[in-house]
Amino acid sequence: MVETNQTSGFWPSLYKPLQGMGSRIADWLSPASDASSDKDAYRISIELPGVSETDITVTAEAGMLVVAGEKTSEREDKGDTWYFSERQYGSFRRSFRLPADADEAAIEAHMKDGVLELSVPRRKPEAGQAKSIPVKKA
């Protein structure tokens, strides 16, 4: 008689739909963003409705631009025979890898109508700075 373990096939199939769920939830909760560039700068727009500019931090270090913050909102409605109260709290964090020609020291951030606009200037290439490399005998 051959003994089979029927649960060994059950657990992998139960676990499979849950794989990667954490990253999918994080992506779903992250604020929407758009990125573009022109000859002078890279531009990033991030939708942050209901978030105050005082609740946002923008940092740039080691080729990464990080936008983080916290959204808090409260709503209360009352009627003659009813009462409604709702509170929402949550933090967010978005990271963007900056291109090699990005000028981290000159990044600007502006908030308008619930949209954070980031401008990352491009460094100008240094013209005429060719370096002569001597060839040595091995």
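Any read-out appearing in this document is the output of simple, stated calculations on the displayed coordinates, not a laboratory observation. Note that this is a predicted model, so its numbers are computed, not measured. Quick reminder, even Gly has a Cβ in these numbers, built from the backbone with ideal geometry, and neighbours come from all protein chains shown.
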Worksheet item: Normalised by the residues of the range 23-122, what does the relative contact order come to in percent, with Cα pairs under 8 Å and at least six apart?
Response: 31
Worksheet, complete the sentence: Simple spin-label estimate for GLU74/ARG97, 7 Å along Cα→Cβ, in nm, reads 4.3
Item to complete: Among TYR83, TYR42, rank each residue by its count of other Cβ atoms within 10 Å, from fewest to most, as a rough exposure measure.
Response: TYR83, TYR42
Discussion item. If you take every residue apart from ALA109 with its C-beta less than 10 Å away from the C-beta of ALA109, what net charge results, scoring Lys and Arg +1 and Asp and Glu -1?
Written reply: -3
Practice prompt. Please list the non-local residues whose amide H lies under 5 Å from the amide H of LEU98, H modeled 1.01 Å from N, same-chain partners needing a gap of 5 or more.
Written response: MET64, LEU65
